[in-house]
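The values are calculated or read from the model by the stated rules, or taken from the named source; none is laboratory data. Because the structure is predicted, anything quoted here is derived from the model rather than measured. Every residue, glycine as well, gets a Cβ built from its backbone with ideal geometry; the counts of neighbours run over all protein chains shown. Just so you know, the surface numbers come from the protein's heavy atoms only, side chains and all, with ligands and any DNA or RNA stripped out. Shrake-Rupley method; radii C 1.70, N 1.55, O 1.52, S 1.80 Å.
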Amino acid sequence: MRCRCSEPWADLPLIATLTGLVLILAAVTPLGAESLPHVVIVSVDTLRSDRLGGYGYERPTSPNIDRLMAEGVRFAEARTVEPLTSPGLGSLVTSLYPHEHGSTRNGVAMRDGLPSFVKILARRGYRTAAFVGNWTLTDKLSGLGEHFEVYEAVLKRKRWLFWAGEANADDLNQAALGWLERHREQNPTERVALWVHYVEPHGPYHYHEEFADRLGIVGVPGKRDRYDSEVAFVDDRIGRLLEAIDEELDGEPRLTIFTADHGESLGEHGYWGHGRNCHAPGLRIPLSFSWPGEIAPATVRAPALITDVATTVLGLLGLPSQESFHGYDWSALLRGVAEPPPAGPSFFQAHKGAVRGGEAEKVRQRGLLEVARVEGDRKEIVRVRSGDRWVYDLERDPGETESLVPERSPMSPQLRDWRKVVQAGLALSDVLPPPSLTPDEIEQLRALGYLD
């Protein structure tokens with residue numbers, strides 16, 4: 001939920017206003033098939049934005065990602081709406097909040113039949129395909145498969161040494177590029193919408209020694225070093241993916257969205273991992289839109305959400321959005337014909353990591369852990385069961401280390417209303433059939449760290 005702000009051109013002089021309106025109307029006019037770009041979505045699991053050079057990190061972890069973001073518009077303040085993989089990526093595709101699309105926990109799939117920007121692209125003639133490397137994104141567990149013509153969970157490796165439930169970046173590149181090459185041979189004039197979701201740097205943070213010298217890692221690597229080496233590894237493979245895609249497209253236009261499903265806590269607030277709170281390390285994500293020749297390079301300081309991806313892609317292509325979508329359409333700003341709108345409130349939620357064995361009723365309602373609200377530089381978090389509350393001044397304290405209020409102080413009316421909205425949505429979603437997981441699937445979720 002985020003307020004719909006007034007039109008950002010309202011205070012401009014008359015001539016500039018009319019000029020801006022003409023340009024915006026041109027931007028939202030559907031492009032002809034020959035003018036439509038291919039759409040490439042690259043997302044990285046568990047990627048902190050502050051571990052990328054483009055966001056100021058001192059280690060050179062991400063030269064390829066930095067180069068991609070520098071080609072277009074990078075959002076300095078982007079967040080997911082929930083710090084879990086399936087819920088966060090469900091929100092990316094549907095522009096709905098987890099309590100609305102139904103996937104609030106890993107292992108709990110979205111409801112069937114939801115609209116998505118991918119389905120809208122397909123109706124416009126795009127051939128859609130997704131290749132994901134995280135076992136929790138299998139169609140049975142996520143419900144994402146119905147949104148793509150081709151949906152493949154590439155599960156070749158044992159990231160946790162127990163089950164073949166992951167893919168590394170090389171596996172995903174091979175699968176995605178193989179599909180693209182075959183499709184282009186058969187349908188060279190059709191536009192494609194291709195999504196690749198990499199699992200690195202998800203725990204347990206494998207160490208990629210080949211990047212040690214570049215990153216300045218000496219001796220036995222710590223957990224943060226291993227995490228950085230994973231970022232460097234996936235960055236290298238993303239560079240290879242984009243180079244191969246460009247070679248296959250042979251100069252045809254490409255709109256590329258880069259983001260993550262959520263971030264990762266690396267010991268902040270006494271926590272390693274993601275999903276169980278609404279603090280900054282889990283919510284903050286990278287986000288950029290690149291379309292050479294159409295989007296001029298820039299950095300946007302205004303806050304963005306993962307739900308904005310759907311509406312912004314459609315806006316850039318001049319395609320109508322869906323009434324149910326919550327995301328803000330940044331396309332006019334990306335095209336340089338509007339200023340950032342006044343920042344309204346943004347709302348967030350955190351749930352238990354996954355469904356335990358034996359849970360058959362109210363799996364969504366029982367999973368809610370925290371709700372949060374950000375407006376301007378003020379952030380409020382409330383732990384649902386205990387009522388513990390934290391309020392931070394993000395300008396003075398971006399790391400959220402010193403709360404401005406006692407833990408048991410009453411929550412704001414705005415956050416109380418949001419909690420009610422979330423809880424009502426969870427109750428409605430829980431009329432759906434409960435998830436049916438095998439004992440092996442439950443143990444896989446436990447091994448991935450989503451069950452205590």
Quick one: in segment 417-452, which of the residues that are open to solvent by 80 Å² or more (accessible area, probe 1.4 Å) and within 18 Å of L368 (Cβ to Cβ) is modelled with the lowest pLDDT?
D452
Return yes or no: is E58 out of contact with any helix residue (DSSP H, G or I) (no Cβ under 9 Å at 6 or more places or on another chain) and either in contact (Cβ under 8 Å) with a residue 24 or more places away in the chain or open to solvent by 10 Å² or more (accessible area, probe 1.4 Å) (or both)?
yes
Can you name the number of the only condition in (1) at pLDDT 95 or above; (2) open to solvent by 50 Å² or more (accessible area, probe 1.4 Å); (3) on the phi < 0 side of the Ramachandran plot that L18 fails?
(1)
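Rundown of residues vs (1) among the hydroxyl-bearing types (S, T, Y); (2) closer than 29 Å to I217 by Cα; (3) at pLDDT 95 or above; (4) within 15 Å of the chain's Cα centre (by Cα), yes/no style:
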| site | (1), (2), (3), (4) |
| --- | --- |
| L23 | no, no, no, no |
| V40 | no, no, yes, yes |
| V44 | no, yes, yes, yes |
| R48 | no, yes, yes, yes |
| E58 | no, yes, yes, no |
| L89 | no, no, yes, yes |
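Looking only at segment 318-327, filter to residues that are touching a Ser or Thr at 6+ places or on another chain (Cβ under 9 Å) and surrounded by fewer than 24 Cβ atoms within 10 Å (Cβ to Cβ); which one of those is nearest to D377 (Cα to Cα)?
Of segment 318-327, the ones touching a Ser or Thr at 6+ places or on another chain (Cβ under 9 Å) are 318, 321-322, 324-327.
Narrowing further to those that are surrounded by fewer than 24 Cβ atoms within 10 Å (Cβ to Cβ): 318, 321-322, 324-326.
Working: G318: 33, S321: 30, Q322: 30, S324: 28, F325: 25, H326: 22 Å.
It comes out as H326.
Kindly evaluate R385 against the criterion of being over 20 Å from I41 (Cβ atoms), of a type in the set (D, E, K, R) and free of Cβ contacts under 8 Å to residues at least 40 places away in the same chain.
Numbers: over 20 Å from I41 (Cβ atoms): yes; of a type in the set (D, E, K, R): yes; free of Cβ contacts under 8 Å to residues at least 40 places away in the same chain: yes.
In short, yes.
Per-residue answers, yes or no, for (1) of a type in the set (A, V, I, L, M); (2) touching a residue at least 12 places away in the same chain (Cβ under 8 Å); (3) open to solvent by 10 Å² or more (accessible area, probe 1.4 Å):
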position	(1), (2), (3)
G90	no, yes, no
G107	no, yes, no
D112	no, yes, yes
P115	no, yes, yes
A122	yes, yes, yes
R127	no, yes, yes
N134	no, yes, no
Within segment 184-219, restricting to residues that are touching a residue at least 40 places away in the same chain (Cβ under 8 Å) and of a type in the set (D, E), the one that is farthest from A244 (Cα to Cα) is E200
Conditions (1) modelled with pLDDT of 95 or more; (2) open to solvent by 20 Å² or more (accessible area, probe 1.4 Å); (3) within 19 Å of R59 (Cβ to Cβ): number failed by E247
(3)
Return the only residue of G239, G315, G275 being assigned to a loop (DSSP other than H, G, I, E, B) and touching a residue at least 12 places away in the same chain (Cβ under 8 Å).
G275
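Against the condition assigned to a helix (DSSP H, G or I) and more than 20 Å from the chain's Cα centre (by Cα), how does D397 come out, does it pass? Walk me through how you get there before you give the answer.
Details: assigned to a helix (DSSP H, G or I): no; more than 20 Å from the chain's Cα centre (by Cα): yes.
No: the conditions fail for D397.
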Restricting segment 371-406 to residues that are of a type in the set (D, E, K, R) and in contact with a Phe, Trp or Tyr (Cβ under 8 Å, 6 or more places away or on another chain), which is surrounded by the fewest Cβ atoms within 10 Å (Cβ to Cβ)?
E402
Failed condition for Q349, given (1) open to solvent by less than 20 Å² (accessible area, probe 1.4 Å); (2) modelled with pLDDT under 95; (3) under 21 Å from the mean Cα position of the chain (by Cα); (4) not acidic (D, E):
(2)
